[in-house]
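Asks: I am attaching a structure below and will ask some questions about it afterwards.
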Amino acid sequence: MNALVTGGGGFLGSCVVGMLHNRGDDVTAFGRRRYPHLDALGVDTVQGDLRDVDAMRSACHGMDIVFHVAALTGIWGARRAYWETNVTGTANVIEACRANGVQKLVYTSSPSVVFGDQPLCGVDESQPYPSRFLAHYPASKAAAEQMVLGANGDDLATVALRPHLIWGPGDPHLLPRVVERAKRGKLLQVGDGSNRVDITYIDNAAEAHLLAADALEHGKPCAGKPFFISQGEPVLLWPWLNQMLKAVGVPPVVRSISYAKARKAGAVLETIHGLFHLSREPRMTRFLADQLAKSHYFDISAAERELGYRPRISTAEGMRRWAASLSSNA
């Protein structure tokens, strides 16, 4: 199988590329720069920008399948930036697939596309998109996901995966930010600490992409559908984060702020940053307060049934591997 992975040099993209390469597929990584770790594997890389439709058309030439993993993430930033990368970029990927006769498109979405202002406890894919979003990232991902699923048809089979809170060795985003804030004494528990959230170990998230690719065909049950992906066992967010901090020798989070105060602070900071056009991320936003204080975990039975997904790496084993990687790097 000839496969293209957008964002192939990123955390999840690199793992998808590595798994495809290891099983013998011909895989090409598409990204904005060179990636030495992919060069070391002998993986072909193509430099380009999602926003450049001609670059996407060229990259998709001769491909059987595209894994669209690349995205602009974050809780703050200009709407235009998120829309250009996540929405226009995805439209370019779809157009490039059709122009080149690509048969399958596996899209990396996010559970945040259904996150409004209420807790999500064990919901499945019937959960609707909210009427409004509190951040440009989930809004843009929801728009892109709907485009991908709407593109499913006789010429192109599509599927969207929603892995939640991906973590593991090499994570450059979630855990490093938590650790950095905790070291500076800037990390506060938001809410009473009773909220449960889904997490996804990196290998499980990547394997879900390969399983979706193998299951995806026109007319198959998974075509044109989204799927939640996780460990299948939600954790108490703050005890889990403290466990991570302990693994790196950082004291646990003991200070807290109520959800109501955090959300009010987020609203104030959003207003200030908006009025003064501050580009740096606010320390708190309403969306972040909701993410840190409310439960959000999901029913993955559809992925188990239609994709054959099982979280092969348990949370405990993932923790062991993550801690071992820290020791190795040290």
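Asks: For the range 176-231, which trypsin sites (Lys or Arg not before Pro) are both in a DSSP coil and crowded by at most 12 other Cβ atoms within 10 Å? Let's see the in-between values first.
Replies: Working: sites: ARG177, ARG181, LYS183, ARG184, LYS186, ARG196; in loops: ARG184, LYS186.
Listed in order of number, the matching sites are ARG184, LYS186.
Asks: About its Cα centre, how strong a charge dipole does the range 1-144 have in debye, to the nearest 20, once Lys and Arg get +1 and Asp and Glu get -1 at the Cβ? If you can, show how the numbers build up before the last one.
Replies: Values: 12 positive and 13 negative charges, 68 e Å.
Dipole size: approximately 320 debye.
Asks: Right, another one. Measure off 7 Å from each Cα along the Cα-to-Cβ vector at ASP49 and LEU275, then give the distance between these two points in nanometres to one decimal.
Replies: Output for this residue pair reads 3.4 nm.
Asks: Which cross-chain or sequence-distant (5 or more) residues have an amide H under 5 Å from the amide H of ILE166, H modelled 1.01 Å from N in plane?
Replies: Amide H neighbours of ILE166: THR200.
Asks: Label-point separation (nm) for GLU180 and ARG79, each offset 7 Å from Cα along Cα-to-Cβ?
Replies: Between GLU180 and ARG79, the label points sit 2.8 nm apart.
Asks: What is the helix-to-structure angle for 315-329, meaning the angle in degrees between its Cα long axis and the longest Cα principal axis of the chain, kept from 0 to 90 and rounded to the nearest 10?
Replies: 90 degrees
Asks: Here's something else I'd like to know. With angles folded into 0 to 90 degrees, how steeply does helix 174-183 sit against the dominant principal axis of the chain? Use alpha carbons for both and round to 10.
Replies: 20 degrees
Asks: Follow-up question, since we're still on this one. Which percent of Cα pairs goes in each bin when the distances of the range 157-255 are cut into 10 angstrom slices starting at zero?
Replies: All Cα pairs considered, the percentages come to 14, 38, 26, 15, 7, 0.
Asks: Would you mind calculating the gained length between ASP26 and GLU95 on full extension (0.36 nm times residue separation, minus the Cα-Cα distance), in nm to one decimal?
Replies: Working: separation 69, 0.36 × 69 = 24.84 nm, distance 2.20 nm.
That works out to 22.6 nm of additional length.
Asks: Next question, about the same structure. Taking the chain as a Gaussian network, where each spring joins two C-alpha atoms under 10 Å apart, which residue of ARG32, ARG263, ARG23 fluctuates the most?
Replies: For the chain, modelled as a Gaussian network with Cα springs under 10 Å, the answer is ARG23.
Asks: Mind checking which of TYR309, TYR137, TYR35 has the largest fluctuation in a GNM of the chain, springs on alpha carbons under 10 Å?
Replies: Highest fluctuation of the listed residues: TYR35.
Asks: Put +1 on the Cβ of each Lys and Arg and -1 on the Cβ of each Asp and Glu in the chain; which of PRO169, GLY191, HIS68 then has its Cα farthest toward the positive end of the dipole?
Replies: Selected residue: GLY191.
Asks: Another question about this same structure. When the helices in the chain are scored as -39500 (n - 2.57) per DSSP H run of 4 or longer and the sum is shared across all residues, what 222 nm value do you end up with, to the nearest 500 deg cm²/dmol?
Replies: Values: 13 runs with 137 residues, N = 330.
Computed ellipticity for the chain at 222 nm equals -12500 deg cm²/dmol.
Asks: A follow-up question, please. According to a simple spin-label model (label point 7 Å from Cα along Cα-to-Cβ), what is the distance in nm between ASP192 and TYR129?
Replies: If labels sit at TYR129 and ASP192, their model points lie 3.4 nm apart.
Asks: Return one number: the angle in degrees, 0 to 90 and rounded to the nearest 10, between the long axis of the Cα atoms of helix 259-275 and the longest principal axis of the Cα atoms of the chain.
Replies: It is inclined by approximately 60 degrees.
Asks: Separate question: Select from GLY266, GLN291, SER109 the residue farthest towards the positive end of the dipole of the chain; place +1 on Cβ of Lys and Arg, -1 on Cβ of Asp and Glu, and compute about the Cα centre.
Replies: Working it through, the farthest residue towards the positive pole turns out to be GLY266.
Asks: Moving on. For the chain, with a Gaussian network of springs between Cα atoms less than 10 Å apart, report the residue from PRO111, PRO234, PRO172 with the top mean-square fluctuation.
Replies: So, out of PRO111, PRO234, PRO172, the one fluctuating most is PRO172.
Asks: Can you list the lysines whose alpha carbon sits under 25 Å from that of LYS104, skipping same-chain ones fewer than 8 residues off?
Replies: By straight Cα distance, LYS104 reaches LYS141, LYS220, LYS225.
None of the figures in this text is laboratory data; all of them are computed from the coordinates on show. Quick caveat, the model's predicted, so the values are computed rather than measured. Backbone-built Cβ (ideal geometry, glycine too); neighbour counts: all protein chains shown.
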